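Here's the structure, in structure tokens; my notes come after.
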Amino acid sequence: MKSINPFVAGVFFLTVLSGCNQDPYQAALKPGQRILNENPNSQHQSPKVFAIEAPDLIECTESINCGAEIRGHVPEPGTSVVSIKGLPQGASYDASTATLTYTPGYDVVDLAAHPEQTLILMPLTVTVRSTADVVTESSRTINLLVKNKMQPVEVNVTGSSLVAEGATLQQTVEVKSADFPQGPISLSAINAPIGTELKPVVGSNNSFTVRFTPGYSFSGVGDSSNSLGYYKSVKVLYQANLPVGQPTQKDLVWTVNDVRQAPVVTAPETLVQGLDVSFSIRAEDMNGESAPRITVNPSVPFGRITATAIAETDSRGVSYPSRVMQVRWDQLRVSNLGTTTPINYEVCVQKFSNSYTVCTQKKVMVSLKADLHQAPRVDRTSWKSGELKFMRVGSPLTFTMPILDTEDMNLPVSVKLASSQPSAVTWKSGALVIQPQSEGILQFSITAESIFGQSITENFVVEVMPGNWAKAILLAGDTVQKESIDTARLAASADLLSMKFQVSPRTLALRDAAVITTEALNSPLFVEKIQDKMMNSASSLVITSPLASKLSGKMAEEMNRFGIKFKGRLHDLLPNDDISAFTLSVDPRANIESPMVPAGLKGALTTESVNPLILDLDQMSSKCSALFRIQKRGVSLPVGAVCKYGNNRSLVVLGFEIADVLLDQQDASLLGEWMNSFTGIEGNQR
């Protein structure tokens with residue numbers, strides 16, 4: 001069926017409703033025929049004239065039966081004969097009941113070809129004749145309006161929702177839509193854990209592959225348990241989005257079974273030193289639960305063994321809880337030189353709560369050399385003992401690390417590397433160069449040996465993130481709601497984190513920017529434990545919420561430092577004014593593009609979004625500038641500011657929710673451009 005331009009259809013529709021009775025079919029009459037004047041809205045016509053009794057507009061919806069009574073009136077003694085031209089396929093007129101009936105199919109409004117057209121208007125020509133008069137007839141145009149009805153959308157998932165730590169969960173999601181058999185269809189996995197990959201199936205327009213490989217710290221002690229061990233359940237919501245209509249959702253529960261991991265230990269296996277032996281043992285709990293227990297056996301044939309914890313982090317401090325012990329063997333005698341002695345130790349992590357019974361036994365073979373030279377010195381200023389570093393695949397890191405002979409810095413020192421990925425770590429001119437080719441835990445050690453045979457070993461651990469590790473994070477609330485989902489879509493490279501289940505120092509690592517929403521600020525967990533960590537994890541902070549004034553700690557100090565203060569909420573200042581009375585404009589001093597058509601705030605995302613926060617910029621630093629204002633006649637109130645400082649650092653404070661901005665269609669891309677400008681991340685960098 002030929003489609004009709006929506007604007008033309010709308011004008012035609014309004015013209016019909018205004019009572020216009022102009023007959024477009026005058027020229028189609030046969031010789032000798034004429035059309036009599038009539039009043040189509042009168043149901044009480046004189047029996048001496050021809051008349052048509054019918055509605056101006058018949059409204060129908062796809063797949064639903066509709067109809068209308070259409071009657072003709074002619075002078076006696078004739079009987080009326082009604083005919084209708086332009087009836088669509090499937091529509092019929094029953095003369096015995098004077099009823100037009102129609103059940104439009106789903107194909108009447110062609111959404112796939114014209115997503116913007118959700119209705120179609122079809123003109124019908126109704127003609128009445130008399131059995132007693134073969135010459136005279138009366139015709140009239142009425143309209144049949146068919147509205148689109150979305151057909152059911154199926155979201156079908158194949159593949160197991162059960163996976164063990166270290167293995168890969170893989171599912172295929174197929175979205176079936178009869179309205180859009182060729183797409184475009186997009187799919188999102190709401191509340192899916194960080195690291196979940198969602199990609200379209202090559203060659204398909206409606207299928208997607210979802211992959212997730214949980215690390216060994218994903219579930220464990222403290223989670224649910226059964227006869228097989230611990231497990232964690234994650235509610236994942238697949239949401240299929242079509243060009244029009246409401247999204248279709250499907251709930252799933254992923255279950256990740258815990259796999260107990262033995263501790264990872266980095267320590268020298270052999271050591272050559274003099275009469276004062278010292279080395280360190282570092283251990284990580286890859287289960288991500290608590291710092292391992294390191295027990296050094298003090299039993300040696302001579303001298304004294306002491307072990308002291310010099311660094312310790314629990315599960316709230318880093319991704320993998322760790323402990324570093326410094327072991328010292330002293331009170332040795334000259335007669336002990338020339339011997340080799342094992343120093344035994346054990347490292348344990350939890351099997352059950354407070355049951356440290358998953359253990360690894362190791363030893364260091366210490367040779368006491370028959371001279372009194374000291375071991376070389378490794379300068380760890382750039383990478384302190386016990387510190388866990390993070391990096392991305394394909395993004396090399398370089399650390400300056402001088403290694404010198406302790407007694408004479410001009411003497412040469414040989415350096416040997418031992419690594420779990422041998423090609424990933426190199427030593428060049430006093431610097432470590434790390435360039436891993438695969439993600440995961442990278443362990444390596446440096447052994448420095450002097451020309452006198454004295455050696456020292458230092459151990460290092462790096463967690464290597466995937467190459468597509470997002471450059472920004474967006475903090476949702478304890479659960480992920482509409483505000484966070486809509487805001488995350490604006491960012492070119494952002495991971496959406498549930499406050500309660502997904503925020504950890506590991507998920508905060510290697511981020512360039514962090515976006516804080518109203519949902520996050522409504523979470524007590526954010527105020528108590530998260531907000532100060534954000535200051536250390538991202539160089540750009542974007543706060544987009546009418547609750548920005550609730551911030552405390554380091555973030556509040558940062559805003560005060562730049563003179564950004566708050567006058568209050570809109571309803572505090574203008575109690576009788578509604579947000580719909582204001583337009584949103586870009587401040588003239590802002591270095592971002594203004595919309596071509598005045599923007600507004602929908603006030604629809606959260607209960608707070610109808611009441612934006614008004615900023616007080618009277619004391620604002622010269623490093624800051626206004627971004628946005630809400631305006632109406634005689635009123636202009638600042639609702640956004642940005643401060644840029646240091647090495648590409650920035651602080652953006654918006655007193656409204658950016659995803660709540662209402663833009664004209666021609667300006668729709670501006671929201672994403674603004675967000676990427678605020679985070680400093682341009683384009684799609686995933």
Could we say that I310 is under 22 Å from V366 (Cβ atoms) and modelled with pLDDT under 90 here?
yes
Taking only pairs six or more apart or across chains, which ones have beta-carbon atoms under 6 Å, a first residue in the range 281-297 that is basic (K, R), and a second residue that is surrounded by fewer than 23 Cβ atoms within 10 Å (Cβ to Cβ) and part of a strand (DSSP E or B)?
R282/T266; R282/N459; R293/C348
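Residues that are outside the structural domain of T270 (by TED's automatic domain parsing) and over 43 Å from the mean Cα position of the chain (by Cα), at least 1 per element: which strands (runs of 3 or more DSSP E) completely within the range 386-429 meet that? So that I can check it myself, show each step before the final result.
Working: elements: 388-392, 397-400, 413-419, 425-428.
Because the criterion is at least 1 residues that are outside the structural domain of T270 (by TED's automatic domain parsing) and over 43 Å from the mean Cα position of the chain (by Cα), the strands (runs of 3 or more DSSP E) in the range 386-429 that meet it are 413-419.
Keeping to the range 617-655, report how many residues are at positive phi and not polar (S, T, N, Q). Spell out how you get there, then give the answer.
Taking the range 617-655 as the starting set, the residues that turn out to be at positive phi are 634, 646, 648.
Then drop every residue that is not not polar (S, T, N, Q), which leaves 634, 646.
So the answer is 2.
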Does any residue of the range 634-644 turn out to be closer than 19 Å to L541 by Cα, in contact with a strand residue (DSSP E or B) (Cβ under 9 Å, 6 or more places away or on another chain) and either hydroxyl-bearing (S, T, Y) or not assigned by TED's automatic domain parsing to the domain that holds D512 (or both)?
no
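Among what's in the range 118-132 and is more than 18 Å from G245 (Cβ to Cβ) and hydroxyl-bearing (S, T, Y), pick the residue that is nearest to the chain's Cα centre (by Cα).
In the first step, residues of the range 118-132 are kept if they are more than 18 Å from G245 (Cβ to Cβ); the result is 121-132.
Checking which are hydroxyl-bearing (S, T, Y) leaves us with 125, 127, 130-131.
Working: T125: 54, T127: 60, S130: 69, T131: 71 Å.
Among them, the one singled out is T125.
Residues of the range 586-602 being small (G, A, S) and either in contact with a helix residue (DSSP H, G or I) (Cβ under 9 Å, 6 or more places away or on another chain) or outside the structural domain of Q666 (by TED's automatic domain parsing) (or both), which ones? Show your work before the answer.
Residues of the range 586-602 that are small (G, A, S), as a first pass: 590, 594, 599-600.
Once the filter is applied, which keeps residues that are small (G, A, S) and either in contact with a helix residue (DSSP H, G or I) (Cβ under 9 Å, 6 or more places away or on another chain) or outside the structural domain of Q666 (by TED's automatic domain parsing) (or both), the range 586-602 yields S594, A599, G600.
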Return a yes/no flag: does the range 449-457 have any residue that is free of Cβ contacts under 8 Å to residues at least 60 places away in the same chain and not charged (D, E, K, R).
yes
Take S650 and decide whether it is more than 26 Å from D512 (Cα to Cα) and either part of a strand (DSSP E or B) or of a type in the set (S, T, N, Q) (or both).
no
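Among the candidates N611, N676, N648, which residue alone is out of contact with any Phe, Trp or Tyr (no Cβ under 8 Å at 6 or more places or on another chain), more than 27 Å from N522 (Cα to Cα) and either among the hydroxyl-bearing types (S, T, Y) or in contact (Cβ under 8 Å) with a residue 60 or more places away in the chain (or both)? Quick ask: steps written out before the conclusion?
Values: N611 fails: more than 27 Å from N522 (Cα to Cα); N676 fails: more than 27 Å from N522 (Cα to Cα).
On inspection, the qualifying residue turns out to be N648.
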Filtered residues of the range 45-72 (kept if more than 12 Å from R129 (Cβ to Cβ) and either in a strand (DSSP E or B) or among the aromatic types (F, W, Y) (or both)):
A51, E53, L57, I58, E59, C60, T61, C66, G67, A68, E69, R71
Confirm whether Y102 is touching a Cys at 6+ places or on another chain (Cβ under 7 Å) and either closer than 30 Å to Q170 by Cα or at pLDDT 90 or above (or both).
yes
Residue count, the range 463-502 (criterion: over 14 Å from the mean Cα position of the chain (by Cα) and buried (at least 23 other Cβ atoms within 10 Å of the Cβ))
1
Taking the criterion of being within 24 Å of the chain's Cα centre (by Cα) and either surrounded by 15 or more Cβ atoms within 10 Å (Cβ to Cβ) or not in a loop (DSSP other than H, G, I, E, B) (or both), would at least one residue in the range 626-640 satisfy it?
yes
Do you know which residues across the range 564-616 are surrounded by fewer than 19 Cβ atoms within 10 Å (Cβ to Cβ) and on the phi > 0 side of the Ramachandran plot?
G568
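This table checks each residue for (1) in a strand (DSSP E or B); (2) in the same structural domain as E197 (by TED's automatic domain parsing); (3) at pLDDT 80 or above.
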| position | (1), (2), (3) |
| --- | --- |
| V462 | yes, no, yes |
| V480 | no, no, no |
| I485 | no, no, yes |
| L496 | yes, no, yes |
| Q502 | no, no, no |
| E519 | no, no, yes |
| M535 | no, no, no |
Where E312 falls short, out of the listed (1) closer than 21 Å to E449 by Cα; (2) under 44 Å from the mean Cα position of the chain (by Cα):
(1)
Quick one: is V256 of a type outside the set (D, E, K, R) and part of a strand (DSSP E or B)?
yes
Flagged in the range 249-294 as more than 29 Å from T168 (Cβ to Cβ) and of a type in the set (F, W, Y), in numbering order, are F279
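I'd like the full set of residues that are polar (S, T, N, Q) and buried (at least 19 other Cβ atoms within 10 Å of the Cβ), limited to the range 160-187.
First, pick out the residues of the range 160-187 that are polar (S, T, N, Q): 160-161, 168, 170-172, 177, 182, 186.
Result: Q171, S177.
The values are calculated or read from the model by the stated rules, or taken from the named source; none is laboratory data. What you see is a predicted model, and the numbers here were worked out from it, not measured in a lab. No Cβ is skipped: glycine too gets one built from the backbone with ideal geometry, and neighbour counts run over all protein chains shown.
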